[in-house]
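K.L.:
This is the structure I have questions about; it appears just below.
The values are calculated or read from the model by the stated rules, or taken from the named source; none is laboratory data. Being a predicted model, the structure only gives us computed values, none of them experimental. So basically every Cβ, Gly included, is an ideal-geometry build from the backbone, and we count neighbours across all protein chains shown.
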Amino acid sequence: MTAPFCRIDSPQLLTAREVTQVLREITFGRQVMVRVDDQSAAHPGMLGVDAEGWRISLMLDDARLCYCEAAISPDGRHWTLSGGDRYDPVSLLSTWELATLQALLKP
């Protein structure tokens with residue numbers, strides 16, 4: 001039984017698949033992504049992007065996209081990487097989608 005505060009069907013939570021779909025829309029050019037200059041990034045390599053109201057925090061190692069740390073949808077729902085997650089949105093991308101997104105993230 002799931003605790004009430006951890007409900008998967010909570011309207012305030014996003015799934016990794018929903019965030020992956022936004023990343024896919026960016027790679028296919030159906031959503032516009034803008035890099036967000038976040039001087040308060042907690043980790044070196046953290047990059048914030050805005051995609052038509054979606055705020056997504058991505059972790060880069062050199063130019064390689066490693067994983068998605070967090071995302072907030074325009075309606076305020078959120079997703080955050082946690083130790084219990086099987087997948088993060090980046091791991092659900094195809095090889096081509098990952099390569100395309102990495103190319104788009106280059107300064």
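K.L.:
Kindly provide the set of residues from the stretch 73-94 that are closer than 13 Å to Leu23 by Cα and not acidic (Asp, Glu), ordered by number.
P.N.:
Those that are closer than 13 Å to Leu23 by Cα and not acidic (Asp, Glu): Ser73, Pro89, Val90, Ser91, Leu92, Leu93, Ser94.
K.L.:
Can I ask one more? I'm told Val36 meets every condition in (1) touching a Gly at 6+ places or on another chain (Cβ under 6 Å); (2) within 17 Å of Leu14 (Cα to Cα) except one. Can you identify the failing condition by its number?
P.N.:
The single condition Val36 does not satisfy is (2).
K.L.:
Still on this structure, I have one more. What are the residues in the stretch 21-36 that are touching a strand residue (DSSP E or B) at 6+ places or on another chain (Cβ under 9 Å) and in a helix (DSSP H, G or I), if any?
P.N.:
Within the stretch 21-36, Val22, Leu23, Glu25, Ile26 meet the criteria.
K.L.:
Taking the stretch 39-79, which residues are of a type in the set (Ser, Thr, Tyr) and either in contact with a Lys or Arg (Cβ under 6 Å, 6 or more places away or on another chain) or loosely packed, with under 14 Cβ neighbours inside 10 Å (or both)?
P.N.:
Ser40
K.L.:
May I ask you to verify whether Gly84 is surrounded by fewer than 13 Cβ atoms within 10 Å (Cβ to Cβ) and in contact with a Pro (Cβ under 8 Å, 6 or more places away or on another chain)?
P.N.:
no
K.L.:
Is one or more of the residues making up the stretch 45-56 closer than 15 Å to Leu14 by Cα, in contact with a helix residue (DSSP H, G or I) (Cβ under 9 Å, 6 or more places away or on another chain) and not aliphatic (A, V, I, L, M)?
P.N.:
There is at least one residue in the stretch 45-56 that is closer than 15 Å to Leu14 by Cα, in contact with a helix residue (DSSP H, G or I) (Cβ under 9 Å, 6 or more places away or on another chain) and not aliphatic (A, V, I, L, M).
K.L.:
Sort out which residues of the stretch 54-107 are hydrophobic (A, V, I, L, M, F, W, C), in a helix (DSSP H, G or I) and touching a Cys at 6+ places or on another chain (Cβ under 6 Å), and write them in order of number.
P.N.:
The one that is hydrophobic (A, V, I, L, M, F, W, C), in a helix (DSSP H, G or I) and touching a Cys at 6+ places or on another chain (Cβ under 6 Å): Val90.
K.L.:
Is there any pair with a first residue in the stretch 41-53 that is at pLDDT 90 or above and a second that is assigned to a loop (DSSP other than H, G, I, E, B) and not hydrophobic (A, V, I, L, M, F, W, C) whose Cβ atoms are under 6 Å apart and which are 6 or more apart or on different chains, and what are they?
P.N.:
Between residues of the stretch 41-53 that are at pLDDT 90 or above and residues that are assigned to a loop (DSSP other than H, G, I, E, B) and not hydrophobic (A, V, I, L, M, F, W, C), the close pairs are Gly48/Asp38; Ala51/Gln31; Glu52/Gln31; Gly53/Pro74.
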